[in-house]
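Peer 1: I have a structure I would like to understand better, so I am pasting it below and will then ask my questions one at a time.
Please treat every number below as a calculation from the coordinates, not as lab data. These figures come from a predicted structure and were not determined experimentally. For neighbour counting, all protein chains shown are included, and Cβ atoms are generated from backbone atoms with ideal geometry for every residue, glycine included.
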Amino acid sequence: MSSKDNSIDSVPEESSQDSSGDALQDEGSSSGRKARRIHPLAILSFVAIIAAWQAASIFLGETVGYKRVPGFEDVFRSFIEYAGYWQGGLGAESTRTGAEPTNWGATLGLGHNTFVTMLRTIAGYTIGVVTGVGLGFLIAWSKVARGLLTFPAHLARMMPLLAMIPLFALWFGDSQLGVLTFIAFAVGILLFAITINAIGNVPLHYWQYARSLGASPLRTYARVVFPAAFPQLRGGLLLAVAFSWSAALAAEFLGQQVGLGHVLQSALYYASTDVVALTGLVVILFAAVTYLVANKTLAWLTRWAE
Amino acid sequence: MQDVDGSGAMSQGGSGEHARRTRSTDGHPTAPRDPSPPAIELRSVTKTFVLESGEDLTAVRDASLTVARGEFVCVVGPSGHGKSTLLNLIAGFIEPSSGEIFVNGAPVEGPGPDRGVVFQRDTLFLWRRVAANISFGLEARGVPKQERKATVERYLKTVGLEGFAGAWPRQLSGGMRRRVAIAAVFANEPDVFLMDEPFVGLDYLRRAQLHRVLLDLWAEGGHRAVFMITHDVDEALALGDRILVVKEGRIVESVRVDLPRPRSTYMITGEEASAIRRSVVLHFGDLEIA
Ligand SMILES: Nc1ncnc2c1ncn2[C@@H]1O[C@H](COP(=O)(O)OP(=O)(O)O)[C@@H](O)[C@H]1O
Ligand SMILES: [Mg+2]
């Protein structure tokens, strides 16, 4: 029987027999690419939260010299106060020099502080992911590394992160490096644990198969073990996005002169709950955007998964 | 060696004279290799696992075997009796507790591309498209790109999947995946094929198609030996030059299948085949079936 005969009669038969979508399933239905619609209950809960907030501001609002719960109007009106967080330039002078706050100055103040926090978050996240995942792979790879690093790494996981901020401040002063290291530390530890677990779950037969095809251990690691483990890192990589925002804000809160965390800290100092609320909304917005970008990217990277 | 066709070359317990005689013809076992050594050679191989409970479990006992170049050997036997362990030993995934294993005259030290393995479980790389799956071994061995492309196309054609080079494995049916797995291993052109129940879970027709694909690839290679585990005696009769029966870790029987090729359903249900089937099946014990 020639191979040609074989190919002609087998394919159509097979694709017609396997009714469960054997031949190509349509690409659009792959996981992660499904169109997501907003659930009606989600809208309801959103409205409920807004209503509760507004109610709280009415009933608990005006007290003791500052607003415990600012209303919406207060929150949006407080935008102008961001002008106080602008150091001057680009056509808006610093309010510290006695200039009147302007909307343009407020825009620059908010933009600048958001930009700085965002950059720190992204940079810290990237460093943390690379080192956490890298260390995880190193440990799974080398017995020596496993012996040396497993215990300290697990110890590090036990440490209360927030309590360590002063320690980082002590080590790094109020430098940029301290913030970045702190975010990277928080993210790295999380991903380190997830990576070790994910590698442990890669079936042995993948390794055996690749080796029996002639792949070196290193190639097998890079081309087989890593991609096989990757879908399991997906959840951790997403979780770490939210995590790195929190870590960035926390680190800025305690000892930075610029960034949304610094804005929060100084607004709290002056009991400007409206600025705190508005800044919170800004953080939620940008954290959501980075989360969605990360989610889309990860969905694309794992589009092959079943 | 004289038993190039592998007939009667297996040795086990009382029936081991042949292998011993074979060995004595070249003086001592580690003498300079024969110019064309057998594809697979096992000398008194034993594998004992130490279980977590601390107990020993001997999965393969004193197995000796010679598989000639180009020979198609099928291995049958009750499950849990050491067939896969035997295959894993030859593949180099595990080391024997005692005894020696040679492939093409060279001692086995870990897995290598001279032995292609088709697993029972699906081992396709899900993150690689079909064509990239088939070229994995070629890339690993440094085959130039142009040559890789040609080889992949050739093997895709042989297994009847020309149109699916760009598909992800998840988009294929079980039967198609098996074909990709087989093509990926054959494209790497190993000397020895080790297959562990490669067609389990496929229906009769699908299997027959895959048998044809397998035999085409085998015939194409010429000198390649196949060591295939199956739990289906009919499959062994349809494909094998020889059937080994493994029971309680021992190779207890080696029967030649002298049916001409290509084999038909008629042939493998005929008198000669039935005699072989009986001699094989009776090793499983005279079970009360109904
Ligand atoms: N890695 C292992 N560790 C411990 N026991 C094993 C291992 N592999 C196989 N065994 C045991 O060896 C025996 C033979 O197994 P196997 O070779 O898989 O049988 P078969 O393939 O014939 O079904 C079984 O009892 C099995 O539990
Ligand atoms: Mg088995």
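Peer 1: Would you be so kind as to identify all helices of chain A, as entire DSSP H runs, whose Cα atoms reach 15 Å or more along the helix's own axis and whose mean Kyte-Doolittle hydropathy is at least 1.0?
Peer 2: Both cut-offs are met by A:40-60, A:176-200, A:226-253, A:273-301.
Peer 1: I've got another one for you. Where does the longest stretch of chain B lie that holds no GluC sites (Glu not before Pro) found in a DSSP loop with 14 or fewer other Cβ atoms within 10 Å?
Peer 2: B:110-247
Peer 1: Moving on. Kirkwood Rh, Cα Rg: Rg to Rh for the protein assembly as shown?
Peer 2: On the Cα set of the protein assembly as shown, Rg over Rh gives 1.15.
Peer 1: If I take R0 = 41 Å and measure r between the Cβ atoms of residue A:177 and residue B:97 in this structure, what FRET efficiency does the formula 1/(1 + (r/R0)^6) give, to the nearest 0.05?
Peer 2: Step by step, r from the Cβ atoms, then E = 0.15.
Peer 1: What is chain A's relative contact order, in percent, from Cα pairs under 8 angstrom and six or more apart in sequence?
Peer 2: This gives 21 percent for chain A.
Peer 1: Given 5 Å bins starting at zero, what is the percent of C-alpha pairs of the range B:153-290 in each, up to the one with the largest pair distance?
Peer 2: Final binned percentages: 2, 8, 18, 20, 19, 15, 9, 5, 3, 1, 0.
Peer 1: Take the Cα gyration tensor of the range A:109-305, multiply each eigenvalue by 5, square-root it, and list the three semi-axes largest first, rounded to whole angstrom.
Peer 2: They are 37, 19, 11 Å, listed from largest to smallest.
Peer 1: Sort A:114, B:46 so that the residue with the fewest other Cβ atoms within 10 Å of its own Cβ comes first and the one with the most comes last.
Peer 2: B:46, A:114
Peer 1: Separate question: Evaluate E = 1/(1 + (r/R0)^6) for residue B:274 and residue B:48, where r is the Cβ-Cβ distance and R0 equals 35 Å; express this FRET efficiency to the nearest 0.05.
Peer 2: 0.40
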